[in-house]
Amino acid sequence: MPEYLAPGVYVEETTFRQKSIEGVSTSTAGFVGPTRFGPTQGEPELLTSFLDFERIYGGIDQLDFGEGLQHNDLAHAVRGFFENGGRRLYVARAYEATAQPSEEPDATVAQLFPDHATFVIDAPTSPAIQVVLRARYPGAAGNVIVTIDSKTGPSILVAQDGGPPKLSGAQRWDTVLLSSTDSTPDDPQLCVVDYDFDAASQQEVQVLRAGSTTTQLADLDPATNEVRVVTLTVTLSPLGRFMDELVWEGLNPDPRHRVNPLLRTFAAQPAARATALFVPLVIQADDAVDGVELLEQVLSGLVAGSMPVTVADLLDEALRQPGQRVARMRCRLTGGKDGSRPGTASYEGDESATGDKSGLLAFEGLEDISIVAAPGSSRGGLNGNELQSKSVVGLLVSHAERMRYRIAVLDSPDTALASQIRSYRAQFDSKYAALYYPWVKIADPVTDTEIAVPPSGFMAGIYARNDIERGVHKAPANEVVRLAIDFELPVNKGQQDVLNPEGVNCLRFFEGGGFRVWGARTISSDPEWKYLNLRRYFAFIERSIEKGTQWAVFEPNGSALWSNVRRTIEDFLFSEFKSGHLLGDTVDEAYFVKCDRTTMTQNDLDNGRLICLVGISPLRPAEYVIFRIGQKTLDFKG
């Protein structure tokens, strides 16, 4: 209570209503599996479109695990997710290197970065300066062409009345090209802008430095000398078959520059997370490299041809050609590989010494995920990949059960017959997972052929679409599978009569109805949880109440708190009842909430426990719609 110690008027704020509960989202998904590029550890980034996936994870092109090209199942699943109505997705890349990094101190760059596309430049200097251009992450998508353009601007050397010339608009550590314009030009020279102390004027003055050589501006004549700022443009092409070139302009060669230094923009350990996600190139150089060394001694190693030439010569030559101010250098990164086919450990994930997690383990810190899948992990599940397929299913199921508010969307093995998928399903039992059969056929934009891809990505998108358009209480079935042009194997009614009671959700084609999801069951043997929408709706109710009643923790555990908690939950459930999400014609039929001395013992109170009993009557799907039709006589009254 506030204290009143002096006479006066006091105004206090209070409330005459109870707390409210907001329903949580149930449509955010998390996929784990191999991709062409992208981070292999750390917190996954939220994707809101397939374009986001392409920019970070390298697109939809095929993968090569050393066994021949394989369809990029996870990329197709992401595309199917967004095309079928998905809005929010996290992706954890499962990656397994083909070779372990060497621990030797004299290890080569290729050993230090297995499966990374790399290009190494050894400058012919003493001591030698080495620059490494490499892909930020492993993968064949890192085998890109790197183009570095050195550009010069207009001359910034201007005359001053009664004084030495100055550099107009120059910043410290600008890299500049010093050249002459008279009939007997001196050799062009690269310098950096620096400051020196002038004893005569008792102030700092601009100078040009090139190694141990210092050029005073007073020794230059704007009539016969030019000083032009040199900047770099880096272009990567292409990162993926369907992606545009990536371009960074206005980069400064000197690493000490405060504006867009080249080495900081492409740093191996960037300060900004956006750089780590969207800048796929790393440029590493010796610590002693300045802007002049980087251009003259290192980047000149990218110039095509065997004739010794410097960047200064190239720029000067370009300046003497009408409209040219560019010297271009180009190389190709090579050695990038997709690694080996990820094993069970890669899907499960681990935690590095710095705390970065991978695989399914990376999803445990993301509370908004409610759907998990591993698209493509069941490929070959009946033909050489049986053990891994079953192991990944076990990982998905245990992850969903441990996280409580998630559902695992499982793929059947490809090319499975009805009898085989029935035997496959019999090996699992969980109310937190749903299995779909068969695979979906789509038109592959990479090969321009018809291919079969796992259904889990499509189904996760349908879950999201169903939740947004109708609500999580409605079974995600009798929905059109977008992008599908066929299913891998046709399923007829007789086959589904066998598979449906086993908890296998079938995808079927109906004349005039298209390609549809025709099942909404979990793989649980418990009849109380056999319907998928029931499990997901309870997760929605439980999670919403958990998040919406956090304010009650550490409040005085008495009748006032019990009443407030009870009213808060009742208001939330009443909203669900009025929306038609609960069974019953009255509130008493639809739900009840009890929180009083009948739900708590004295021992509970002594140990700080508030126990609230909530019962709801959920809607189950009309899985069997039955019409009984018979003949009647004229005088029959029904």
Filter result for the condition that a residue is surrounded by fewer than 21 Cβ atoms within 10 Å (Cβ to Cβ) and over 30 Å from Ile60 (Cα atoms), over Ser180, Ser150: Ser180
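Please find, within region 434-473, the residue that is surrounded by the most Cβ atoms within 10 Å (Cβ to Cβ) out of those that are of a type in the set (Val, Ile, Thr) and touching an Asp or Glu at 6+ places or on another chain (Cβ under 7 Å).
Per the stated criteria, the residue is Val453.
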Answer with yes or no whether Gln70 is farther than 14 Å from Pro375 by Cα, touching a strand residue (DSSP E or B) at 6+ places or on another chain (Cβ under 9 Å) and at pLDDT 90 or above. no
Quick one: in region 187-206, of everything that is within 52 Å of the chain's Cα centre (by Cα) and more than 17 Å from Trp173 (Cβ to Cβ), which residue is modelled with the lowest pLDDT? Asp187
Quickly run through region 382-428 and pick out the residues that are more than 12 Å from Val504 (Cβ to Cβ) and charged (D, E, K, R). Glu386, Lys390, Glu401, Arg402, Arg404, Arg406, Asp414
Of all residues in region 348-382, count the ones that are assigned to a helix (DSSP H, G or I) and more than 16 Å from the chain's Cα centre (by Cα). 1
Among the listed residues Val397, Val393, Val409, identify the single one that is on the phi < 0 side of the Ramachandran plot and part of a strand (DSSP E or B). Val409
Which of the residues that make up region 563-591 are outside any helix (DSSP H, G or I) and out of contact with any helix residue (DSSP H, G or I) (no Cβ under 7 Å at 6 or more places or on another chain)? Ser579, Gly580, His581, Asp585, Thr586
Among the residues of region 63-92, the number that are among the aromatic types (Phe, Trp, Tyr) and part of a strand (DSSP E or B) is 1
Contacts under 8 angstrom Cβ, first residue in region 408-435 being farther than 21 Å from His71 by Cα and in the same structural domain as Lys390 (by TED's automatic domain parsing), partner part of a helix (DSSP H, G or I) and of a type in the set (Lys, Arg), 6 or more apart: Gln427/Lys390; Lys431/Arg535; Tyr432/Arg535; Leu435/Arg425
Pairs only if they're at least six apart or on different chains, beta carbon under 7 angstrom, first in region 354-372 and on the phi > 0 side of the Ramachandran plot, second at pLDDT 95 or above and aliphatic (A, V, I, L, M); list them, first residue then second. Gly359/Val32; Gly359/Ala92; Gly359/Ala94
Please verify whether region 596-610 includes one or more residues that are in a strand (DSSP E or B) and touching an Asp or Glu at 6+ places or on another chain (Cβ under 9 Å). no
When residues of region 483-512 are filtered for being closer than 27 Å to Tyr432 by Cα, charged (D, E, K, R) and either in a loop (DSSP other than H, G, I, E, B) or in contact (Cβ under 8 Å) with a residue 12 or more places away in the chain (or both), how many remain? 3
Using the structure shown, decide if Thr522 is among the hydroxyl-bearing types (Ser, Thr, Tyr), surrounded by fewer than 20 Cβ atoms within 10 Å (Cβ to Cβ) and in contact with a helix residue (DSSP H, G or I) (Cβ under 7 Å, 6 or more places away or on another chain). no
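Please determine, by comparing only the residues of region 276-288 that are of a type outside the set (A, V, I, L, M) and either out of contact with any Lys or Arg (no Cβ under 9 Å at 6 or more places or on another chain) or under 18 Å from Leu299 (Cβ atoms) (or both), which one is surrounded by the fewest Cβ atoms within 10 Å (Cβ to Cβ).
If we take residues in region 276-288 being of a type outside the set (A, V, I, L, M) and either out of contact with any Lys or Arg (no Cβ under 9 Å at 6 or more places or on another chain) or under 18 Å from Leu299 (Cβ atoms) (or both), then Asp287 is surrounded by the fewest Cβ atoms within 10 Å (Cβ to Cβ).
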Evaluate the following for Thr215: is it β-branched (Val, Ile, Thr) and under 48 Å from the mean Cα position of the chain (by Cα)? no
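The values are calculated or read from the model by the stated rules, or taken from the named source; none is laboratory data. Every value quoted in this text rests on a predicted model; they were computed, and no experiment measured them. Positions of Cβ are backbone-derived with ideal geometry, glycine not excepted, and every protein chain shown enters the neighbour counts.
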